[in-house]
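Participant: Below you will find the structure I want to go over with you.
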Amino acid sequence: MTTDSLRSGPGANGRTSRDRARLPVRAHLPACGAAAASGVPVLDVVVPVYNEEKDLRPCVLRLHDHLSRTFPYAFRITVADNASTDSTPAVAAALAAELRGVRYVRLEEKGRGRALRTVWSESDAPVLAYMDVDLSTDLNALLPLVAPLISGHSDLAIGSRLARSARVVRGSKREFISRAYNLILRSSLAAGFSDAQCGFKAVRSEVAERLLPMVEDSGWFFDTELLVLAERAGLRIHEVPVDWIDDPDSTVHIVRTATEDLKGVWRVGRALAVGALPLDRLARPFGDDPRDRALTGVERGLARQLVGFCVVGVLSTLFYLALYSLFRLGVGPQLANGGALLVSAVANTAANRRLTFGVRGRDGAVRHQAQGLVVFAIGLALTSGSLAALGAATGSPSHSTELAVLITANLAATVLRFLLLRAWVFPARACPEPEPEPDSEDVR
């Protein structure tokens, strides 16, 4: 009986500490011929088992046959035994000796998460997956699951029984528990994926290498925690609708598993709330995000500037109207309008300078205010002209009519004000080329 031993130590997979500082750019994995020549499988499918002497052999035989017939890359099937006490170890060892591309790993402690962490951490395959031994998920979804990872499109992939096009056969009790659990994840952890518990997932190895040390759970909550952290870090998760048939002989203890999962939700939610997880190591790590590219001739930040300008504009208008109503108690409409507009214009320019266009410091502040006063003069001409026209038309308008005319005039001036501020007062400057990060060996 031969059992493949797991490699250990920081040198596994031939990566150094410098390589671990930043994830590489996602790339399409080598084609079938190149992968086969290297002798390293592209896909390593882990089947965690505990006392599965009955189901293990038909599962592995069926999975091996399916991969041999349909999967266009080299593969490996790893049976991860979680301290089984029946004849599971003997069955697994016999399969490893009988079938090429099958290996057996023995762990002396229970826990699905512990098994996945151990095998995934030491596997040399660039794509890592796992599935439950009962093969409830139709194997035809396996290639669609790992294809986005092989192509470099996604970082993780999950099977979903709750997707609209999934076809699922299971009892109402499990259906209710599954949907309730995912509702809890969405409401408490803002999870965007649809099915956390489906035993059918895959991840690129370089992503697993960074994520696994952050995942604390070693049981059933392991993959949920992995997904939540990956999503919060901005990694791309691909979902595949699956055909799934419930296993009536499943040995999973629903109540105990649900309790442990809820404890995990509380622990992860608290860690995220206090910022205890170093997710910045994974946030947009690949260097291939188009949002990171400084494109020549393409203006950036327009949407953000519009939002900032609108917020500042609403507050400035309320401030202006309050000042106008206050000044109007002692002076005529023209003086009240001019004074209110002048004070609000200074405040508006200062707020837009900082909040809308992101200008910091005192450099150019006086020039910006002078240019802002020119914009103010345009607004004054529009609003004063509107008031003059109103007075000529009605003689003695009511206060509410004056306010309505001023609001209309200010709305008309808003578009022109934004264009002048963006193009003249705070023009966009070319983004400097980012300086290359110094090599860690050069920093002393």
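The values are calculated or read from the model by the stated rules, or taken from the named source; none is laboratory data. These numbers were taken from a predicted model, which means no experiment stands behind them. Note that we place each Cβ from the backbone using ideal geometry, even for glycine, and neighbour counts take in every protein chain shown. Please note that ligands, DNA and RNA were not included when accessible areas were found on the heavy atoms of the full protein model with its side chains. Shrake-Rupley method; radii C 1.70, N 1.55, O 1.52, S 1.80 Å.
Participant: When you take every Cα atom in the range 89-163, what is the radius of gyration, and what is Dmax, the widest Cα pair distance, in Å?
Facilitator: In Å, with Rg to one decimal and Dmax whole: 14.2, 40.
Participant: Going by Cα centres, the range 314-329 and the range 188-224 are how many Å apart?
Facilitator: When both Cα centres are located, 54 Å separates them.
Participant: Keeping all protein chains in position, work out how much accessible area HIS368 exposes to a 1.4 Å probe, and write it in Å² to the nearest 10.
Facilitator: 10 Å²
Participant: So how much slack lies between ILE245 and ARG106, counting 0.36 nm per residue of separation and subtracting their Cα-Cα distance, in nm?
Facilitator: Going from the current span to full extension adds 47.2 nm.
Participant: Quick check for you: with a 1.4 Å probe and neighbouring chains kept, what is the accessible area per residue of the range 308-427, in Å²?
Facilitator: Per-residue accessible area for the range 308-427 comes out at 52 Å².
Participant: Over 17 Å, how big is the tail of the calculated P(r) for the range 43-102, in percent of all Cα pairs?
Facilitator: Beyond 17 Å sits 32 percent of the P(r) for the range 43-102.
Participant: If you roll a 1.4 angstrom probe over the protein chains with everything in place, what fraction of the accessible area of the range 47-98 belongs to carbon and sulfur, to the nearest %?
Facilitator: Using a 1.4 Å probe with all protein chains present, the range 47-98 comes out at 52 percent carbon and sulfur.
Participant: Once amide H atoms are built 1.01 Å from N in the peptide plane, which residues 5 or more positions from SER160, or in another chain, come under 5 Å H to H?
Facilitator: VAL240, VAL242
Participant: Based on the Cβ-Cβ distance of SER396 and ARG304, what FRET efficiency does E = 1/(1 + (r/R0)^6) give at R0 = 41 Å, to the nearest 0.05?
Facilitator: Once the sixth-power term is evaluated, E becomes 0.35.
Participant: Leaving ligands, DNA and RNA out of it, work out the accessible area of PHE357 with a 1.4 Å probe and give it in Å² to the nearest 10.
Facilitator: 30 Å²
Participant: Let me ask something else about it. Among ALA94, SER188, LEU139, which residue has its Cα positioned farthest towards the positive end of the charge dipole of the range 79-210, with +1 placed on the Cβ of Lys and Arg, -1 on the Cβ of Asp and Glu, and the dipole taken about the Cα centre?
Facilitator: So the residue we want is SER188.
Participant: If you take the beta carbon distance between GLU216 and ASP124 as r and set R0 to 25 Å, what does 1/(1 + (r/R0)^6) give as a FRET efficiency, to the nearest 0.05?
Facilitator: Once rounded, the FRET efficiency stands at 0.50.
Participant: For the range 162-202, rounded, prolate or oblate, judged on the Cα gyration tensor with a ≥ b ≥ c (square roots of eigenvalues), a/c < 1.5 rounded, else prolate if a/b > b/c?
Facilitator: Oblate.
Participant: If you don't mind, there's one more thing I want to ask. What FRET efficiency comes out for TRP424 versus LEU318 if R0 is 22 angstrom and r is the Cβ-Cβ distance? Round to the nearest 0.05.
Facilitator: Given R0 = 22 Å and the Cβ-Cβ separation, E is 0.30.
Participant: I've got another one for you. Full-extension gain between ARG362 and VAL311, please, as 0.36 nm times their residue separation minus the C-alpha to C-alpha distance.
Facilitator: Computed gain between ARG362 and VAL311 is 16.1 nm.
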